[in-house]
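Asker: Before we start, here is the structure in question, set down as structure tokens.
Taken together, the values in this text are just the output of simple stated rules run on the coordinates, not laboratory data. Since the structure is predicted, the reported quantities are computational estimates derived from the model, not experimental observations. Cβ coordinates were reconstructed from backbone atoms using ideal geometry, including for glycine residues, and neighbour counts include every protein chain displayed.
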Amino acid sequence: ERKKLKRLRTARANTLDGTVVELHANIEKPEDIADAKENGATGVGLFRSEFLFLNRDDLPGEEEQFLAYRAAAEGMDGQPVTIRTFDLGADKQLKGAERVASNPALGLRAIRLCLAEPQLFRTQLRALLRATHYGNVKILIPMLSSVSEINQTLQFIEATKRSLDAEGIPYDREVKIGGMIEIPAAALALNAFAKKLDFLSIGTNDLIQYTLAIDRTDEEVAHLYDPLHPAVLHLMAHVIGTANKLGVPISVCGEMAGELPYTRLLLGFGLRQFSMFSAQVPSVKQRVLTTSLPEIAALTQKILRADDPMRIRELLDRLNA
Ligand code: PEP
Ligand code: MG
């Protein structure tokens with residue numbers, strides 16, 4: 001059994017027809033890298049950097065952040081490490097800086113907060129860029145809703161590069177900048193995002209929350225939170241299909257990416273890169289290894305055309321049988 005597990009860990013996650021699929025890990029701190037490698041992840045698809053901030057009273061400075069990002073970069077031995085800039089606000093508040101927003105999920109969070117707090121953002125960007133020198137680091141921007149936010153972010157990054165240049169500090173000049181697609185507006189106006197960014201990653205947790213207007217933290221409406229809602233499936237298929245057509249790398253890093261019932265569905269939509277909790281990698285890999293893309297193509301299209309929730313579930317069961 002141990003041997004079998006070990007073989008599974010080092011095996012490539014290819015489909016039966018030989019299509020290469022990448023299974024990456026979601027991490028919260030550099031120490032999680034050990035788990036990611038242990039479970040056979042071939043990269044980090046989402047490093048939620050805001051966890052460096054949570055449960056403490058002070059803010060980590062540039063050096064502390066740099067050491068954390070460098071540790072993750074070096075830990076993955078050249079495999080990609082996608083670090084997301086702070087996704088603070090809403091359910092992830094800074095201690096002592098809790099903002100009173102009447103509607104936090106729609107308020108000053110994530111990239112909005114970073115653009116409003118240039119000092120905080122610049123410090124993180126310096127730490128991130130410095131870490132690119134020590135591995136295959138990519139930078140991911142959360143909660144983008146408009147092209148203007150992309151432009152402002154890219155300007156911040158350019159300015160930070162110039163200040164590092166002036167100080168003679170090395171960094172990867174070709175560092176890839178990607179954006180999270182987790183607001184319906186971004187999914188629907190995808191072309192502009194795909195043109196300006198090097199890669200995209202769908203955050204299904206927020207995409208579902210905003211598409212269905214269901215607070216993901218509110219128990220009282222949890223029963224309405226539905227990844228299989230036709231509107232959600234259409235948005236996902238649209239984003240994955242469009243990105244593939246445009247040749248922009250696309251991944252899914254929300255919970256859906258690690259949940260077995262959705263593995264084949266996402267493969268059928270054209271997804272080739274998944275990012276999930278490390279512990280989910282082996283079972284998702286097992287599912288990928290037993291999937292034939294030609295065999296699931298018709299059924300995934302049928303699911304996309306169905307509009308009755310019961311029918312969608314019935315077809316999904318068939319897809320996973
Ligand atoms: C998401 O929204 O799906 C996501 C990956 O980001 P987070 O869960 O950290 O908001
Ligand atoms: Mg999110």
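Asker: For the subset of the stretch 215-241 comprising residues that are touching a residue at least 60 places away in the same chain (Cβ under 8 Å) and of a type outside the set (D, E, K, R), which member is nearest to GLY89 (Cα to Cα)?
Answerer: Step by step, filter the stretch 215-241, then rank; the result is THR217.
Asker: Would a scan of the stretch 254-263 turn up a residue that is within 19 Å of the chain's Cα centre (by Cα), hydrophobic (A, V, I, L, M, F, W, C) and away from ligand 2 (no atom under 16 Å from the Cβ)?
Answerer: Checking the stretch 254-263: at least one residue is within 19 Å of the chain's Cα centre (by Cα), hydrophobic (A, V, I, L, M, F, W, C) and away from ligand 2 (no atom under 16 Å from the Cβ).
Results for (1) within 13 Å of ligand 2 (Cβ to nearest atom); (2) basic (Lys, Arg), shown as yes or no for each residue.
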position	(1), (2)
ASP172	no, no
ILE177	no, no
ALA185	no, no
LEU188	no, no
LEU197	no, no
SER201	yes, no
ILE208	yes, no
ARG216	yes, yes
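Asker: Which count do you get for residues in the stretch 289-321 that are among the small types (Gly, Ala, Ser) and under 27 Å from the mean Cα position of the chain (by Cα)?
Answerer: So the answer is 2.
Asker: Of everything in the stretch 23-41, what is crowded, with 20+ Cβ neighbours inside 10 Å and either more than 16 Å from ligand 1 (Cβ to nearest atom) or over 18 Å from the mean Cα position of the chain (by Cα) (or both)? Give them in sequence order.
Answerer: PRO30, ILE33, ASN39, GLY40
Asker: Cβ contacts < 6 Å: first residue part of a helix (DSSP H, G or I), restricted to the stretch 197-214; second residue of a type in the set (A, V, I, L, M, F, W, C) and near ligand 2 (Cβ under 10 Å from one of its atoms), any location; separation 6+ or different chain. Result?
Answerer: TYR210/ILE183
Asker: Looking at this structure, is PHE156 part of a helix (DSSP H, G or I) and within 23 Å of the chain's Cα centre (by Cα)?
Answerer: When the stated conditions are applied, PHE156 passes them.
Asker: Return the pairs, sorted by first residue and then second, in which the second residue is part of a helix (DSSP H, G or I) and polar (S, T, N, Q), the first residue lies in the stretch 153-175 and is farther than 23 Å from LEU113 by Cβ, the beta carbons are less than 8 Å apart, and the residues are 6+ apart or on different chains.
Answerer: From the stretch 153-175, the pairs are TYR171/THR132; ASP172/THR132.
Asker: If we keep just the residues of the stretch 130-155 that are out of contact with any helix residue (DSSP H, G or I) (no Cβ under 6 Å at 6 or more places or on another chain) and crowded, with 18+ Cβ neighbours inside 10 Å, which is nearest to GLY203 (Cα to Cα)?
Answerer: Of everything passing the filter in the stretch 130-155, LEU140 is nearest to GLY203 (Cα to Cα).
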